[in-house]
Amino acid sequence: MTTVYQTYATHVADALAALVARGDLPAGLNHAPVTVEAPRDADHGDLATNAAMVLAKPAGMKPRDIAVGIAQYLADLPDVTSTEVAGPGFLNIRLKLGVWAGELATILSDGPAYGRSAMGAGQRVNVEYVSANPTGPMHMGHCRGAVVGDALANLLAYAGFTVTREYYINDAGGQVDTLARSAHLRYLEALGGVVTIPEGYYPGDYLVPVGQALAAEFGDTYALLPESEWLTLFRTRSVAMMMDLIRADLGLLGISHDVFFSEASLGDAVGAALADLDAKGLIYEGILEAPKGEAADDWEPRPQTLFRAMKFGDDSDRALKKSDGSWTYFAGDVAYHYDKLRRGFTALVDMFGADHGGYVKRMTAAVAALSGGTVALDVKLVQMVRLFRAGEPVKMSKRSGSFVTLADVVGEVGKDVVRFIMLTKKADSQLDFDFAKVVEQSRDNPVFYVQYAHARVNSLGRRAAAAGMELPEPDLSRLDAEELALVKFAAQWPKTVEAAAASREPHRIAFYLNDLAAAFHSLWNRGNDDPARRFLREDDLPLTAARLALARGIAQVIANGLGVMGVEPVEEML
């Protein structure tokens, strides 16, 4: 069904068309920037539109003149009680209370579909996230990017995009050779040998079962043979077992990918991608100036094969080959994104760790060059998570094997707590994860606060049944202005979805749910001071039915939002 905001966006569009038809507004203006939103201050009305402000300059008119014309049109609508031109030309609109009762009916009838959008129009979007090296189990350094990427994929799908969730397996670099050598030592250990893990190898106990599996499969065949006889085989087997471990870890967070793309499978794709760039005149031989500050790993004071990245907004052109003739890491990434483009995606999203911020411009330049500017790469930077226990920071070191695994954290606090907390701040800002605070039952814990709102609604139904209340069909006209103010907040959910999807910021969902829960708790607490404001009124069953319908509507929106976040709504809290 059509929401209030959609309905009045159509009314504003009709008003603009009427002004054009009367000759009071030029034809042919771009109306795309026109919005209908909730005003920042609820005292200003129910809705506000920026139409006059964004159209004034291209129309060559004063904003107030356009606003007055729109206001006159809207004032004649049966559900509008008043229109007011504010400031230089913003237009505030007040509606009859029945409009919001109708919106509550829409929430209840649409149920899980309320807030879903068609804005994506089925466009194919590739979201690549996690992409951790396949050298060990998932640890908390990977967790935030995994959750943010997965929630973003959920959000885009909810907003009408066709989403592919992708994991890039870095299985062609030196780190997987180190993994194979580390696994070989564990293989020897499984055969009864005494081994010492050298500096630079992976010392974690997670490789013990890998060694045991290799020993069970091959016996002592590779115990005494030179590295050249077993390195490739052990690398393949070890990566496969590490990816099984990683998939299982991600599964604990409710995360699954559609595609696992192997770097080793790129093969001739690098040559094909660079041939494409070369055909466009974007590759040349030259000498780069020495970078300022720290030396870049792809800079050499000699002629190199370079990509004209500066032509697409980068700070420098970028090397594609090393002095030994092998491709740079950047060249492999160019080929990988070339492959994504050949698969027909119309938009690409990559989740990068914040320490890769310097890599963003070169990759967006490469995609712009390869696609001819038709496909944009949106890189989201994800900051680190700081872990605290008893107020003390938890130290982590993957190289020493002393890191906090994702499985351990999920086992201690639960999937839903981890996912929710990872979305409580913008991805590029630092996040603190305190094991004690994320499970405490207080207003300061957003996980509890939002879940408690949902659980409270469910408790109402149980309490009404226990009291033997036989409730009539809800008459939503019984709800007053204070109660319907909560519906106004819930009605912002579809707009929140579209804004979050457009900006690709899933944390906005967590922010919205926290605010909606706060508004619900506030209304609930009014009943503590005034019994007449309680949701359950045995002396007025029709009013109780209406208030329970209101509560169910709020719970539905909370459940829908939690679903986008990948969090299960709680039915009951002890």
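The values are calculated or read from the model by the stated rules, or taken from the named source; none is laboratory data. These numbers come from a predicted model, not from an experiment. Don't worry about glycine lacking a Cβ; one is built from the backbone with ideal geometry, like all the others, and counts go over all protein chains shown. Areas reflect the complete protein model, heavy atoms only, side chains present, ligands, DNA and RNA absent. Shrake-Rupley method; radii C 1.70, N 1.55, O 1.52, S 1.80 Å.
Miscellaneous remarks
- Pair list, Cβ under 6 Å, 6 or more apart: the range 178-204 residue closer than 16 Å to Leu225 by Cα and in a helix (DSSP H, G or I), other residue among the basic types (Lys, Arg) and open to solvent by less than 50 Å² (accessible area, probe 1.4 Å): none
- Enumeration of residues in the range 327-344 that are open to solvent by 40 Å² or more (accessible area, probe 1.4 Å) and either in contact with a strand residue (DSSP E or B) (Cβ under 9 Å, 6 or more places away or on another chain) or within 16 Å of Ile283 (Cα to Cα) (or both): Trp327, Arg343
- Among the residues listed as Tyr338, Tyr329, the single one being among the aromatic types (Phe, Trp, Tyr), within 29 Å of the chain's Cα centre (by Cα) and more than 30 Å from Gly122 (Cα to Cα): Tyr329
- The residues of the range 255-283 that are open to solvent by 60 Å² or more (accessible area, probe 1.4 Å) and not hydrophobic (A, V, I, L, M, F, W, C), listed by number, are Ser256, Asp258, Ser265, Asp268, Asp278, Lys280.
- First in the range 33-51 and in contact (Cβ under 8 Å) with a residue 12 or more places away in the chain and on the phi < 0 side of the Ramachandran plot, second anywhere and open to solvent by 60 Å² or more (accessible area, probe 1.4 Å) and in a strand (DSSP E or B), Cβ under 7 Å, 6 or more apart: Asp46/Arg94; Ala48/Glu37; Ala48/Phe90; Asn50/Phe90
- Here the condition is being under 30 Å from Tyr114 (Cβ atoms), open to solvent by 40 Å² or more (accessible area, probe 1.4 Å) and at pLDDT 95 or above; of Ala153, Ala157, it holds for Ala157 alone.
- When Ala465 is tested against (1) in a helix (DSSP H, G or I); (2) touching a residue at least 40 places away in the same chain (Cβ under 8 Å), just one condition goes unmet, and that condition is (2).
So that you can scan it fast, the table gives a plain yes or no per residue for (1) among the β-branched types (Val, Ile, Thr); (2) under 19 Å from Gly102 (Cα atoms):
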position	(1), (2)
Leu484	no, yes
Val497	yes, no
Pro506	no, no
Tyr512	no, no
Arg533	no, no
Asp540	no, no
Ala546	no, yes
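- Candidate set: the range 313-326, residues that are open to solvent by 70 Å² or more (accessible area, probe 1.4 Å) and in contact with a Ser or Thr (Cβ under 9 Å, 6 or more places away or on another chain); chosen: the one modelled with the highest pLDDT: Lys321
- Positions within the range 527-574 being open to solvent by 30 Å² or more (accessible area, probe 1.4 Å), of a type outside the set (Lys, Arg) and closer than 29 Å to Arg508 by Cα, in sequence order: Gln556, Gly563, Glu568, Pro569, Val570, Glu571, Glu572, Met573, Leu574
- Counted as qualifying within the range 345-397 are the strands (runs of 3 or more DSSP E) with 2 or more residues that are open to solvent by 40 Å² or more (accessible area, probe 1.4 Å), namely 376-382, 385-389.
- Against the test of being within 28 Å of Ser238 (Cβ to Cβ), crowded, with 21+ Cβ neighbours inside 10 Å and more than 11 Å from the chain's Cα centre (by Cα), the options Asn126, Asn170 yield a single qualifying residue, Asn126.
- Selection within the range 334-344 - in a helix (DSSP H, G or I) and not charged (D, E, K, R): Val334, Ala335, Tyr336, His337, Tyr338, Leu341
- Matching entry among Thr232, Thr221 (being within 23 Å of Phe260 (Cα to Cα), at pLDDT 95 or above, among the polar types (S, T, N, Q) and open to solvent by 40 Å² or more (accessible area, probe 1.4 Å)): Thr232
- Residue match in the range 470-486 (condition: within 30 Å of Arg247 (Cβ to Cβ), open to solvent by less than 50 Å² (accessible area, probe 1.4 Å) and touching a residue at least 40 places away in the same chain (Cβ under 8 Å)): no
- Subset of the range 173-204 that is of a type in the set (Phe, Trp, Tyr) and within 18 Å of Pro137 (Cα to Cα) - its residue that is farthest from the chain's Cα centre (by Cα): Tyr201
- Restricting Thr3, Thr35, Thr7, Thr49 to those that are of a type in the set (Val, Ile, Thr) and touching a Pro at 6+ places or on another chain (Cβ under 6 Å) reduces the list to Thr3.
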